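What follows is a set of notes on a single structure, which appears directly below.
The values are calculated or read from the model by the stated rules, or taken from the named source; none is laboratory data. Because the structure is a prediction, the values reported are computed rather than measured. Counting neighbours? That spans all protein chains shown, and the Cβs are built from the backbone with ideal geometry, glycine included.
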Amino acid sequence: MIEKKRVAILISGRGSNMAALIEAAGDPAYPVEIVAVISNRPQAPGLERARAAGLHAEALDHKAFSSREAFDAALEARLVVHGTELVVLAGFLRLMTSAFVERWAGRMINIHPALLPAFPGLHTHERALAAGVRVHGCTVHYVTPGMDEGPIIGQAVVPVLPGDTPDGLGARVLQAEHRLYPAMLARVARGEAPIVDGLVPVAAGDALGMVAP
Ligand code: GRF
């Protein structure tokens, strides 16, 4: 039996990255057990998707809490109940308090739809097209209090093609996300993505979609 890390996935919406992680975790050799899916939006389609896959999924409606601190405390309690070892953000559209982020330092990861440190924040595909870049992609990184600033774990690159629209480019990036996130979560779960002097040392295979040298 391989050792599996207990992972909670936090979502706010459709949950396509979550679905990719669920599929990966279906492999007995994958080093992760998904113990809970939690959404801050009760209507998130991802919740039903998770239940359909036989997982425990629950809503923790941020609107029911009077402050960010109160919401984060409730979230912390739920994570503890599930014995969570790693927190995976998959389209979780909610800023967390620094205290919460610090508590999960090195144990919480996120996927961002751009090649960080380019295009942190929202509307990344529009901004990539407006900047005239030729390659775009996605980044899996540890979460730190600064938004989209944590140590990079892995990236996947896609080309920008003639006539691309934000939606078309975004769909290409999303496909890359679905390959990158399961691969990088496995690395984190196996302890293969340590933070050394504020960075994760580059390992072979960290850059998906690149032409091999
Ligand atoms: C993805 O593009 C992800 O990079 C970003 O939010 C989106 C979530 O999509 N953080 P989904 O809910 O996983 O389909």
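What do you reckon, is residue 88 within 16 Å of the chain's Cα centre (by Cα), hydrophobic (A, V, I, L, M, F, W, C) and within 13 Å of the ligand (Cβ to nearest atom)? Yes; evaluated as a whole, the condition is true for this residue. Contact map, segment 74-95: residues that are outside the structural domain of residue 153 (by TED's automatic domain parsing) and of a type in the set (Ser, Thr, Tyr) paired with residues that are at pLDDT 95 or above and within 16 Å of the ligand (Cβ to nearest atom), Cβ distance under 8 Å, separation 6+ or inter-chain. Pairs shown: 84/7; 84/8. Within segment 145-157, the set of residues being surrounded by 21 or more Cβ atoms within 10 Å (Cβ to Cβ) and out of contact with any Asp or Glu (no Cβ under 6 Å at 6 or more places or on another chain) comprises 150, 153, 155, 156. Taking every residue in segment 103-127 that is closer than 13 Å to residue 149 by Cβ and pairing it with any residue that is charged (D, E, K, R) and surrounded by 15 or more Cβ atoms within 10 Å (Cβ to Cβ), at least 6 positions away or on another chain, the pairs with Cβ-Cβ distances below 6 Å are 112/148; 116/148; 119/127; 120/148.
Residues are listed down the side, and each one gets a yes or a no for (1) among the aromatic types (Phe, Trp, Tyr); (2) modelled with pLDDT under 95; (3) away from the ligand (no atom under 11 Å from the Cβ):
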| position | (1), (2), (3) |
| --- | --- |
| 12 | no, no, no |
| 31 | no, no, yes |
| 60 | no, no, yes |
| 84 | no, no, yes |
| 92 | yes, no, no |
| 95 | no, yes, yes |
| 110 | no, no, no |
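Restricting attention to segment 6-47, the residues that are outside any helix (DSSP H, G or I) and either surrounded by 20 or more Cβ atoms within 10 Å (Cβ to Cβ) or not basic (Lys, Arg) (or both) add up to 26. Scanning segment 128-143 for residues that are more than 15 Å from the chain's Cα centre (by Cα) and in contact (Cβ under 8 Å) with a residue 40 or more places away in the chain yields 128, 129. Restricting attention to segment 1-32, the residues being of a type outside the set (A, V, I, L, M, F, W, C) and closer than 28 Å to residue 95 by Cβ number 8.
For (1) touching a strand residue (DSSP E or B) at 6+ places or on another chain (Cβ under 6 Å); (2) of a type in the set (A, V, I, L, M); (3) more than 20 Å from residue 32 (Cα to Cα), each residue gets a yes or a no:
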position	(1), (2), (3)
65	no, no, yes
77	no, yes, yes
84	yes, no, no
141	yes, no, no
149	no, no, yes
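Just one of the numbered conditions (1) surrounded by 13 or more Cβ atoms within 10 Å (Cβ to Cβ); (2) within 13 Å of the ligand (Cβ to nearest atom) is not true of residue 142: (2).
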